[in-house]
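Enquirer: Let me give you the structure first, and then I'll get to my questions.
Quick note: the coordinates plus some simple rules give every number you see, no bench work behind them. Note that the coordinates shown come from a computational prediction; the quantities given were computed from them, not determined experimentally. All Cβ positions, glycine included, derive from the backbone under ideal geometry; neighbour counts span all protein chains shown.
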Amino acid sequence: MAAVIGIDIGTTSTIGILIDLPDRIVAVVSRPTDLVSLHPGWAEEDPEQWWRNTCAVTRDLLAAEPALAASLVGIGVAGMVPAVVLLDGQGNLLRRSIQQSDGRATEEVTAMLGAVDGGTFLRRTGNGITQQIVATKLRWLERHEPDVFRRIGTVFGSYDFINWKLTGEKRLEHNWALEAGVVDLADGQIAPDLVALGGVALSALPPIAESEAVIGHVTARAAAESGLPEGLAVVAGAADHVASAYAAGVVGHGDVLLKFGGAGDILIAVDHAIPDRRIFLDRHVIPGRFMPNGCMAATGAMLNWIVSGFAAGLVAGQAHPHAHLDALADTIPAGSEGVFVLPYLLGEKSPIQDPLARGTISGLSLNHGPAHLWRAALEGVGYGFRHHLEVFRELGYPVRRLLVSDGGSRSGVWMQIVADILQMPLQRLEGHPGSCLGAAWVAAIGVGASEDWGGAAAMLRRGEVIQPNPIHAEVYEAGYHRFRALYERLAPWFAEAGEG
């Protein structure tokens, strides 16, 4: 009898899962997290709140079935990447974290692009020079918070911080290091010259550990605070989006997950890495594999914006406003009778990598109504996912299976639209608890309680398979190319407006 715990340090909440191996989910609990934004584009959080949440979550999990405490064999933590947590030489927090979504370092990105060859950096690190990498955030700190910068003793990530609180050991899980832009893909090691781009000492970066590696054990102090058994094994953990996709079943070469949340994520499992500026590169939790991925910044968030704005009167009094609009959109022909929506309300990440892009509605006429706008928005997201699949195929990655998850995947209308645009079947997932499940299973692998990398996905229920309708293939083929052309023609205008 053995049990494991998984924790996810997420942007809006800390979530934990307790699993009685091999396949019984005992409990899933969460605590909310506060996001702090003192200025436009800023995103910060309090790492000590993450730790308080983790302790509360672990106590609640163990209270769900106290007898399992004696059977615990390991814990794994997933979290946001590459959130930046800074300690001084004595292990004191220097400030709130700077989140991966933080957008303050625009000038530092420009300066770094002028000083470093972007193509060489991409080939070496697997990722481009953007506000995502840690060097740009450190450069910002050096300019604007020199007292904090001067006292930096440790730079690591969200789940690295929790692992340190649990064990007293400092490590960098390899995906934080990869997305941070400090690892040379050629050997998988931290490169001194890449660290130097951020102006900190090489000693500020702890050693790298692979996801399933046992990095330490729960200390007496951490046990007293968290309720976990002293001596419990702690593995390095995983990036949250990688852990979630892995647990969903993105395991084999060519498996793809489409996530329909506030943002739209797409992740593919592959057996080799090809750096490309259009997409992000992560390592898979399974040794030797990679997980290239993309993110559309405002997919579900765009739909919520339509509900609260344009369609507020139409859905007033409706218990399920999104479903009501879906039903209306289902009466509109494929292609929305010429209406197009570019879903770039927060700029756009991949694959266009254009922070100055803006949401756009095109093709409106007096014969169009809210149902056309809603369907065009659903189609716009589908076109964006198709763009990602096109990039994957251009790079030589096979797209063999499509899984769909998160809240938007419950919409039958939306999933049928996406299946028709992609002309591939979509496999729904039900009851996916998220990244915490992947983190827990990585712990099970790391401590030797399981040797089956597919065990996490086996615990999820497979729902309906949505088959594409070939009748709509031609209209969506033409629609996709018009969608792409609309952005290409507007991109110079977006740039000009952004500069003004």
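Enquirer: Taking 0.36 nm per residue of sequence separation and subtracting the Cα-Cα distance, how much length would be gained by fully extending the chain between GLU145 and TRP493, in nm to one decimal? Don't skip to the answer; put the middle values down first.
Expert: Values: separation 348, 0.36 × 348 = 125.28 nm, distance 3.50 nm.
Extra length from GLU145 to TRP493 when fully extended: 121.8 nm.
Enquirer: Taking semi-axes √(5λ) of the Cα gyration tensor in Å straight from the coordinates, which label in (1) 37, 28, 21; (2) 33, 26, 23; (3) 33, 30, 26 is the correct one?
Expert: Only one option fits the structure, namely (1).
Enquirer: Determine, for SER101, SER71, the number of other Cβ atoms within 10 Å of each Cβ, and report the residues in order from fewest to most. List each step's numbers first, then the result.
Expert: On the way: SER101 20, SER71 15.
Result, fewest neighbours first: SER71, SER101.
Enquirer: Where the centroid of each part is defined by its Cα atoms, how far is segment 416-443 from segment 12-84 in Å?
Expert: When both Cα centres are located, 21 Å separates them.
Enquirer: Can I ask one more? Report the gain in length on full extension from ALA319 to ASN304: 0.36 nm times residue separation, minus Cα-Cα distance, nm rounded to one decimal.
Expert: Values: separation 15, 0.36 × 15 = 5.40 nm, distance 1.44 nm.
The span from ALA319 to ASN304 would gain 4.0 nm if fully extended.
Enquirer: Measuring from label point to label point, each 7 Å out along Cα→Cβ, what is the ALA186 to SER37 span in nm?
Expert: 4.1
Enquirer: Let me ask something else about it. Give me the percent of DSSP beta bridges within segment 1-135 that run antiparallel, rounded to the nearest 5.
Expert: Values: 20 of 27 bridges.
Just about 75 percent of them are antiparallel.
Enquirer: Which three extents, in angstrom, do the Cα atoms of segment 265-327 have along their principal axes, listed largest first?
Expert: 52, 22, 16 Å, listed from the longest principal axis down.
Enquirer: In nm, give the distance between the simple-model label positions of ARG123 and ASP452, each being 7 Å from the Cα along the Cα-to-Cβ direction.
Expert: About 4.4 nm, to one decimal.
Enquirer: What is the diffusion coefficient of segment 3-241 in µm²/s, taking the Kirkwood radius over Cα pairs and the Stokes-Einstein relation at 37 °C with a viscosity of 0.692 mPa s?
Expert: Values: Rh = 18.2 Å.
Here the translational diffusion coefficient equals 180 µm²/s.
Enquirer: What's the exposure ranking of MET459, MET80, going from fewest to most Cβ atoms within 10 Å? Write down the numbers at each step before the final one.
Expert: Values: MET459 19, MET80 24.
Result, fewest neighbours first: MET459, MET80.
Enquirer: Further, regarding this structure: Looking at segment 362-459, what % of the alpha carbon pairs are farther apart than 24 Å? Write down the numbers at each step before the final one.
Expert: Working: 2128 of 4753 pairs.
Percent of Cα pairs beyond 24 Å in segment 362-459: 45.
Enquirer: Also, I was wondering about something else. Cα centroid distance between segment 352-371 and segment 249-303, in Å?
Expert: Between the Cα centre of segment 352-371 and that of segment 249-303, the gap is 26 Å.
Enquirer: Please give the calculated 222 nm ellipticity per residue for the chain, where each DSSP H segment of at least 4 residues contributes -39500 (n - 2.57) and the sum is spread over every residue; nearest 500 deg cm²/dmol?
Expert: Numbers: 18 runs with 191 residues, N = 500.
It comes out at -11500 deg cm²/dmol, rounded to the nearest 500.
Enquirer: Please arrange VAL285, VAL36, VAL77 by counting, for each residue, the other beta carbons lying within 10 Å of its beta carbon, fewest first.
Expert: On the way: VAL285 32, VAL36 12, VAL77 35.
Lowest to highest Cβ neighbour count: VAL36, VAL285, VAL77.
Enquirer: May I ask you to evaluate 6.51 cos²θ - 1.76 cosθ + 1.60, the Karplus curve with θ = phi - 60°, for each residue of segment 146-157 and list the ³J(HN,Hα) values in order in whole Hz, giving x for glycine and proline?
Expert: Result, rounded to whole Hz: x, 5, 5, 4, 5, 9, 5, x, 9, 10, 8, x.
Enquirer: In straight Cα distance, which lysines are under 20 Å from LYS259, not counting same-chain residues fewer than 8 positions off?
Expert: In chain and number order, the partners are LYS349.
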